[in-house]
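Chemist: Below you'll find the structure I mean.
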Protein chains: 2
Amino acid sequence: MKLTVLGIGSATPVLDRNPTAHLLTTEHESILIDCGEGTQYQILKYKLKPSKIRYIFISHLHGDHYLGLIGLVSSMNLGRRTDDLHIFGPRGLAEILTLQFQCSNTFLHFKIHFHENDTEKAQQIWQTDLLTIESIPLSHRIPCCGFLFREKPQKRKIIKELLPQGLSIEQLKGLKEGNDICDIEGKVLYKNDALTKPADTPRSYAFCSDTIYKPDIVEQISGVDWLYHEATYLHNLVKQAHERYHTTALEAAQIAQQAGVKTLLLGHFSSRYGSLQEFQTEAQQVFGNVVLAEEGKTYEIKSTKTTNAG
Amino acid sequence: MKLTVLGIGSATPVLDRNPTAHLLTTEHESILIDCGEGTQYQILKYKLKPSKIRYIFISHLHGDHYLGLIGLVSSMNLGRRTDDLHIFGPRGLAEILTLQFQCSNTFLHFKIHFHENDTEKAQQIWQTDLLTIESIPLSHRIPCCGFLFREKPQKRKIIKELLPQGLSIEQLKGLKEGNDICDIEGKVLYKNDALTKPADTPRSYAFCSDTIYKPDIVEQISGVDWLYHEATYLHNLVKQAHERYHTTALEAAQIAQQAGVKTLLLGHFSSRYGSLQEFQTEAQQVFGNVVLAEEGKTYEIKSTKTTNAG
């Protein structure tokens with residue numbers, strides 16, 4: 001599970017700082033989260049593959065979070081994409097895209113499935129073979145939600161070199177489920193944990209942008225591996241942050257600390273800041289493991305421990 | 001009168017090649033012509049002033065010609081613009097922008113005047129203090145027009161060092177209009193051309209993108225100083241060009257030659273071409289003064305001769 005950051009900026013444009021877009025990739029699929037203006041050029045720049053994107057999640061309809069979407073989807077069409085695309089966003093997004101396709105007389109070679117987010121509910125909104133996705137209600141100036149991506153629990157892993165010969169497919173499946181190998185009378189021949197090891201802990205990524213400091217998200221995102229949280233301002237501008245329904249670096253760190261996440265990723269920096277180092281320093285006052293998002297950088301979201309899943 | 005090219009690409013995105021946008025500046029005003037995705041970042045990159053843009057002309061609603069508009073206008077609003085903005089575009093543009101403003105709950109601090117282009121008529125659609133603007137009907141896959149910007153004729157210029165003392169304001173105004181200085185009985189004291197020189201010839205710029213080869217625009221753009229004409233393909237792909245309602249470099253040069261323009265500026269190059277030199281070589285087979293548009297470059301549109309205006 002890897003996360004590539006494509007934009008760290010906020011609403012006011014800054015040269016060499018793109019608006020929000022994150023690309024989450026697993027073994028089988030790519031998921032784009034937010035898609036500010038110019039995201040398709042960032043995808044080109046960092047040699048990523050738009051054809052692999054099957055899901056796009058849009059947090060809210062401020063321009064710095066979705067204005068690149070119509071261009072990206074149009075380019076997918078020019079690139080002769082035929083795979084279905086699922087787009088999740090607030091009410092209004094489907095109408096905007098549909099109107100733009102009408103005006104440009106665009107006929108898509110692939111099907112778009114629009115899914116309207118209920119931005120007020122924390123609920124599972126989708127699942128893929130590998131992941132579940134939940135909406136995280138946020139509090140911003142317009143309807144907005146974050147997204148929580150969790151790997152589904154995986155089965156136990158067979159240790160091939162320890163396997164006795166002659167096991168049936170059913171017995172191998174049973175091992176992955178945690179069963180012992182027994183003879184026909186039910187006597188245990190091989191204990192499960194002699195032939196298997198626990199699955200990796202499911203990894204998780206929570207994306208929270210944009211929002212005022214909102215501690216009631218803590219329960220839902222408790223213990224996630226990586227938390228991306230917006231940090232538009234430093235804390236000396238907390239009043240301005242709250243007026244604009246944004247969060248400070250210190251507050252984002254408080255959320256991370258309360259939720260007991262493993263790593264906090266900060267982004268959505270206001271255009272007023274040139275150097276960003278102070279965001280890390282400030283956040284580290286209350287939470288140790290703080291990463292400042294960098295454009296084009298790919299972060300590996302690792303399992304932090306193993307469990308006896310299954 | 002200066003023209004800054006902000007994008008030379010076409011629909012399929014290419015790294016380091018932006019979609020169409022031209023900025024035409026006169027002494028008093030800036031005019032943006034088309035506004036592909038990322039135009040506001042090009043404006044930042046080349047240190048241009050979005051606050052000076054009073055007019056935006058959109059040729060048609062293919063994404064590579066207008067998707068940057070909503071972001072640019074939103075950023076003008078964040079920048080606390082208060083000056084009115086005039087946007088000219090085909091039917092649908094106002095609806096798209098209005099819907100996007102609604103969804104983002106944006107309240108503008110300035111007034112936008114939307115003007116719907118009749119893309120089928122060659123007619124004057126606006127005038128400023130210095131310019132008249134005409135629509136140029138083009139033939140593309142969706143409604144599309146170009147724009148012809150002409151300076152208004154200026155008055156004769158007084159040669160200050162030759163002026164006799166004691167002339168009244170009315171006499172000076174008369175000189176600019178081409179009148180002689182006479183005494184009260186009507187006897188000529190000073191011939192006009194002894195005290196004045198002709199005005200500069202009004203300059204003109206024609207912007208033609210996107211279109212299939214369309215020789216019936218020749219009459220309207222006859223003799224313009226600079227003609228920008230799209231040249232999406234080289235002529236060995238003329239069949240493909242026509243299927244997509246585009247023009248080849250050779251055809252653009254034929255238009256320039258037939259219209260007797262002074263300079264031909266080529267752009268809107270297909271993503272299939274890396275090097276662009278061949279576009280110039282091909283066009284120069286039929287027209288001498290060919291310029292390949294370069295992003296960030298500013299071209300001065302000069303008066304080519306003086307007339308006895310007035």
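Chemist: Restricting attention to region A:79-100, which residues are aliphatic (A, V, I, L, M), facing chain B (nearest Cβ under 10 Å) and either within 21 Å of the chain's Cα centre (by Cα) or in a loop (DSSP other than H, G, I, E, B) (or both)?
Modeler: Initial filter on region A:79-100 (aliphatic (A, V, I, L, M)): A:85, A:87, A:93-94, A:96-97, A:99.
Then keep just the ones that are facing chain B (nearest Cβ under 10 Å); that gives A:93, A:96, A:99.
Answer for region A:79-100, where residues must be aliphatic (A, V, I, L, M), facing chain B (nearest Cβ under 10 Å) and either within 21 Å of the chain's Cα centre (by Cα) or in a loop (DSSP other than H, G, I, E, B) (or both): just A:Leu93.
Chemist: Next question, about the same structure. How about region B:160-254: which strands (runs of 3 or more DSSP E) wholly inside it have at least 1 residues that are within 20 Å of the chain's Cα centre (by Cα) and crowded, with 20+ Cβ neighbours inside 10 Å? Walk me through how you get there before you give the answer.
Modeler: Values: elements: B:188-190, B:204-208, B:226-230.
Output list reads B:204-208, B:226-230.
Chemist: Return the residue satisfying two criteria in turn: it lies in region B:59-78 and is assigned to a helix (DSSP H, G or I) and of a type in the set (Ser, Thr, Tyr), and of such residues it is farthest from the other protein chains (Cβ to nearest Cβ).
Modeler: Step one: filter region B:59-78 for residues assigned to a helix (DSSP H, G or I), giving B:63-66, B:69-78.
Filter again for of a type in the set (Ser, Thr, Tyr), leaving B:66, B:74-75.
Working: B:Tyr66: 9, B:Ser74: 5, B:Ser75: 6 Å.
Filtering first and then ranking leaves B:Tyr66.
Chemist: Have a look at A:Pro215, A:Pro202, A:Pro198 and point out the one that is touching a residue at least 12 places away in the same chain (Cβ under 8 Å) and closer than 22 Å to A:Thr298 by Cα.
Modeler: Working: A:Pro215 fails: closer than 22 Å to A:Thr298 by Cα; A:Pro198 fails: closer than 22 Å to A:Thr298 by Cα.
Just one listed residue meets the conditions, A:Pro202.
Chemist: Could you check region A:67-91 and list, in sequence order, the residues that are in contact with a strand residue (DSSP E or B) (Cβ under 9 Å, 6 or more places away or on another chain), surrounded by 16 or more Cβ atoms within 10 Å (Cβ to Cβ) and within 13 Å of B:Cys103 (Cβ to Cβ)? Steps first, answer last, please.
Modeler: First, the residues of region A:67-91 that are in contact with a strand residue (DSSP E or B) (Cβ under 9 Å, 6 or more places away or on another chain): A:68-69, A:72-73, A:76, A:83-91.
Filter again for surrounded by 16 or more Cβ atoms within 10 Å (Cβ to Cβ), leaving A:68-69, A:72-73, A:76, A:85-90.
A:Leu69, A:Gly89, A:Pro90, listed by residue number.
Chemist: I've got another one for you. Of everything in region B:18-39 that's polar (S, T, N, Q) and buried (at least 24 other Cβ atoms within 10 Å of the Cβ), which residue is farthest from B:Leu265 (Cα to Cα)?
Modeler: Applying the first criterion (polar (S, T, N, Q)) to region B:18-39 yields B:18, B:20, B:25-26, B:30, B:39.
Pick out the ones that are also buried (at least 24 other Cβ atoms within 10 Å of the Cβ) and you get B:18, B:20, B:39.
Working: B:Asn18: 16, B:Thr20: 13, B:Thr39: 19 Å.
If we take residues in region B:18-39 being polar (S, T, N, Q) and buried (at least 24 other Cβ atoms within 10 Å of the Cβ), then B:Thr39 is farthest from B:Leu265 (Cα to Cα).
Chemist: Could you please find all residues in region B:1-17 being surrounded by fewer than 24 Cβ atoms within 10 Å (Cβ to Cβ) and either farther than 19 Å from B:Arg244 by Cβ or without any contact (Cβ under 8 Å) to a residue 24 or more places away in the chain (or both)?
Modeler: Those that are surrounded by fewer than 24 Cβ atoms within 10 Å (Cβ to Cβ) and either farther than 19 Å from B:Arg244 by Cβ or without any contact (Cβ under 8 Å) to a residue 24 or more places away in the chain (or both): B:Met1, B:Lys2, B:Leu3, B:Thr4, B:Leu15, B:Asp16.
Chemist: In addition: Could you list, in sequence order, the residues of region A:36-58 that are in a loop (DSSP other than H, G, I, E, B) and of a type outside the set (Phe, Trp, Tyr)? It would help to see each step written out before you state the result.
Modeler: Of the residues in region A:36-58, the ones in a loop (DSSP other than H, G, I, E, B) are A:36-38, A:46-49, A:58.
Passing the criteria: A:Gly36, A:Glu37, A:Gly38, A:Lys47, A:Leu48, A:Lys49, A:Ile58.
Chemist: It is to be established whether one or more residues within region B:291-304 are among the hydrophobic types (A, V, I, L, M, F, W, C), buried (at least 20 other Cβ atoms within 10 Å of the Cβ) and either more than 20 Å from B:Gly9 (Cβ to Cβ) or touching a His at 6+ places or on another chain (Cβ under 6 Å) (or both).
Modeler: Looking through region B:291-304, at least one residue is among the hydrophobic types (A, V, I, L, M, F, W, C), buried (at least 20 other Cβ atoms within 10 Å of the Cβ) and either more than 20 Å from B:Gly9 (Cβ to Cβ) or touching a His at 6+ places or on another chain (Cβ under 6 Å) (or both).
Chemist: For region B:257-293, which positions are under 24 Å from B:Arg244 (Cα atoms) and of a type in the set (D, E, K, R)?
Modeler: Of everything in region B:257-293, those that are under 24 Å from B:Arg244 (Cα atoms) and of a type in the set (D, E, K, R) turn out to be B:Arg272, B:Glu278, B:Glu282.
Chemist: Here is a follow-up. Return the only residue of A:Ser270, A:Ser275, A:Ser209 being small (Gly, Ala, Ser), modelled with pLDDT under 95 and closer than 28 Å to B:Leu44 by Cβ. Walk me through how you get there before you give the answer.
Modeler: Details: A:Ser270 fails: modelled with pLDDT under 95; A:Ser275 fails: modelled with pLDDT under 95.
None of the others qualify; the one that does is A:Ser209.
Chemist: OK, next. Can you confirm whether region B:9-16 contains a residue that is polar (S, T, N, Q), within 14 Å of another protein chain (Cβ to nearest Cβ) and not in a loop (DSSP other than H, G, I, E, B)? Spell out the reasoning first.
Modeler: Step one: filter region B:9-16 for residues polar (S, T, N, Q), giving B:10, B:12.
Filter once more, keeping what is within 14 Å of another protein chain (Cβ to nearest Cβ): B:10, B:12.
Next, only the ones that are not in a loop (DSSP other than H, G, I, E, B) stay: none.
No, because not a single residue in region B:9-16 is polar (S, T, N, Q), within 14 Å of another protein chain (Cβ to nearest Cβ) and not in a loop (DSSP other than H, G, I, E, B).
Chemist: All but one of (1) out of contact with any helix residue (DSSP H, G or I) (no Cβ under 7 Å at 6 or more places or on another chain); (2) more than 20 Å from B:Leu131 (Cα to Cα); (3) in contact (Cβ under 8 Å) with a residue 40 or more places away in the chain; (4) among the hydroxyl-bearing types (Ser, Thr, Tyr) hold for B:Thr20; which doesn't?
Modeler: (1)
Chemist: Still on this structure, I have one more. Are there any strands (runs of 3 or more DSSP E) wholly within region B:103-159 with 1 or more residues that are within 14 Å of chain A (Cβ to nearest Cβ), and if so which? Talk me through it step by step, then tell me what you get.
Modeler: Details: elements: B:112-116, B:124-127, B:131-137, B:145-151.
Answer list for region B:103-159: B:112-116.
Chemist: Kindly provide the set of residues from region A:17-35 that are among the charged types (D, E, K, R), over 15 Å from A:Ser59 (Cα atoms) and either within 9 Å of another protein chain (Cβ to nearest Cβ) or not in a strand (DSSP E or B) (or both), ordered by number. Working first, answer last.
Modeler: The initial filter retains those residues of region A:17-35 that are among the charged types (D, E, K, R), namely A:17, A:27, A:29, A:34.
Filter once more, keeping what is over 15 Å from A:Ser59 (Cα atoms): A:17, A:27, A:29.
Passing the criteria: A:Glu27, A:Glu29.
Chemist: A further question on this structure: Scan region B:272-287 for residues that are closer than 14 Å to B:Thr232 by Cβ and under 24 Å from the mean Cα position of the chain (by Cα) and jot them down. Step through it out loud before you land on a result.
Modeler: Filtering region B:272-287 for residues closer than 14 Å to B:Thr232 by Cβ gives B:272-273, B:276, B:278-279, B:282-283.
B:Leu276, B:Phe279, B:Ala283 - these are the residues of region B:272-287 that are closer than 14 Å to B:Thr232 by Cβ and under 24 Å from the mean Cα position of the chain (by Cα).
Chemist: Let me ask something else about it. Kindly check whether there is at least one residue in region A:144-157 that is in contact with a Lys or Arg (Cβ under 7 Å, 6 or more places away or on another chain), free of Cβ contacts under 8 Å to residues at least 60 places away in the same chain and closer than 19 Å to B:Asn105 by Cα. It would help to see each step written out before you state the result.
Modeler: First, pick out the residues of region A:144-157 that are in contact with a Lys or Arg (Cβ under 7 Å, 6 or more places away or on another chain): A:151, A:155-157.
Among the residues that remain, those that are also free of Cβ contacts under 8 Å to residues at least 60 places away in the same chain are: A:157.
The next check asks that each one be closer than 19 Å to B:Asn105 by Cα; those that pass are none.
No, region A:144-157 contains no residue that is in contact with a Lys or Arg (Cβ under 7 Å, 6 or more places away or on another chain), free of Cβ contacts under 8 Å to residues at least 60 places away in the same chain and closer than 19 Å to B:Asn105 by Cα.
The values are calculated or read from the model by the stated rules, or taken from the named source; none is laboratory data. These numbers were taken from a predicted model, which means no experiment stands behind them. Because the Cβ atoms are built from the backbone with ideal geometry, glycine has one as well, and the counts that use them run over all protein chains shown.
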